[in-house]
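Participant: Can you keep this structure in mind? I'll have questions shortly.
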Amino acid sequence: MWKTPKEDTRYSWTTHSFGKMREYGISESRIKRIIRFPKRTEEGIVPDTVAVMQPAGTKRYQEIWVMYAVRKPKLRIITAWRYPGKSPERDPIPAEIIEEVRRLL
């Protein structure tokens with residue numbers, strides 16, 4: 001059975017993220033791990049958001065992406081999705097923003 005993520009001191013969740021997690025079979029702990037240890041970090045499509053990625057699977061390569069916004073003192077998880085294959089690289093995040101997020105975690 002699938003559990004909905006609980007609000008805590010670090011993370012805030014949208015109902016859209018609940019639906020996408022259920023649709024793609026991504027757990028709350030997997031999303032938190034992707035945010036803490038991303039393989040790639042880029043600017044999100046929505047203004048003032050960050051998109052992070054970790055590869056998933058070796059036989060059929062895919063990537064799990066999480067988009068969040070930094071709303072102090074929490075990170076607002078907006079959405080999560082699986083990308084089939086390797087996605088093209090876009091604009092990387094500046095180092096000072098990455099350091100700010102690391103301090104929140």
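What follows draws every value from the coordinates through simple rules; no lab data is involved. These numbers were taken from a predicted model, which means no experiment stands behind them. Positions of Cβ are backbone-derived with ideal geometry, glycine not excepted, and every protein chain shown enters the neighbour counts.
Participant: What's the extension gain from Tyr24 to Arg90 if we count 0.36 nm per residue and subtract their Cα-Cα distance? Walk me through the numbers on the way to the answer.
Facilitator: Numbers: separation 66, 0.36 × 66 = 23.76 nm, distance 2.32 nm.
Answer, rounded to one decimal: 21.4 nm.
Participant: Is the C-alpha gyration tensor of the chain telling us rounded, prolate or oblate? Criteria: a/c under 1.5 is rounded; beyond that, a/b larger than b/c is prolate, otherwise oblate.
Facilitator: Working: a/c = 1.75, a/b = 1.07, b/c = 1.64.
Oblate.
Participant: Further question on the same structure: Can you tell me the FRET efficiency between Arg102 and Arg82 if r is taken as the Cβ-Cβ distance and R0 is 22 Å, rounded to the nearest 0.05?
Facilitator: 0.30
Participant: Counting Lys +1, Arg +1, Asp -1, Glu -1, what net charge surrounds Ala95 among other residues with beta carbon under 14 Å of its beta carbon?
Facilitator: So the environment of Ala95 carries a net charge of -4.
Participant: What order, most packed first, do the peptides 18-31, 84-97, 63-76 have when packing is the mean number of other Cβ atoms within 10 Å of each residue? Can you show the working numbers first?
Facilitator: On the way: 18-31: 15.3, 84-97: 10.0, 63-76: 17.6.
Highest-to-lowest ranking by the protection proxy: 63-76, 18-31, 84-97.
Participant: Hey, another quick one. Given only helices, namely DSSP H runs of n ≥ 4 each adding -39500 (n - 2.57), what is the per-residue ellipticity at 222 nm of the chain, to the nearest 500 deg cm²/dmol? Write out the running numbers ahead of the final one.
Facilitator: Working: 3 runs with 29 residues, N = 105.
That comes out to -8000 deg cm²/dmol.
Participant: Please report the net charge: other residues with Cβ closer than 9 Å to the Cβ of Ser12, K and R +1, D and E -1. Display every interim value, and only then the final one.
Facilitator: Details: positive: Arg10, Arg71, Lys74, Arg76; negative: Glu7, Asp8.
Here the count lands on +2.
Participant: If amide H atoms are built 1.01 Å from N in the plane of the peptide, which residues on other chains or at least 5 residues away come under 5 Å of the amide H of Ile26?
Facilitator: For Ile26, no residues qualify.
Participant: Lys3: net charge of surrounding residues, Cβ under 11 Å, Lys/Arg +1, Asp/Glu -1, itself excluded? All intermediate terms of the calculation are to be shown ahead of the outcome.
Facilitator: Working: positive: Lys6, Arg22; negative: Glu28.
Surrounding charge for Lys3 is +1.
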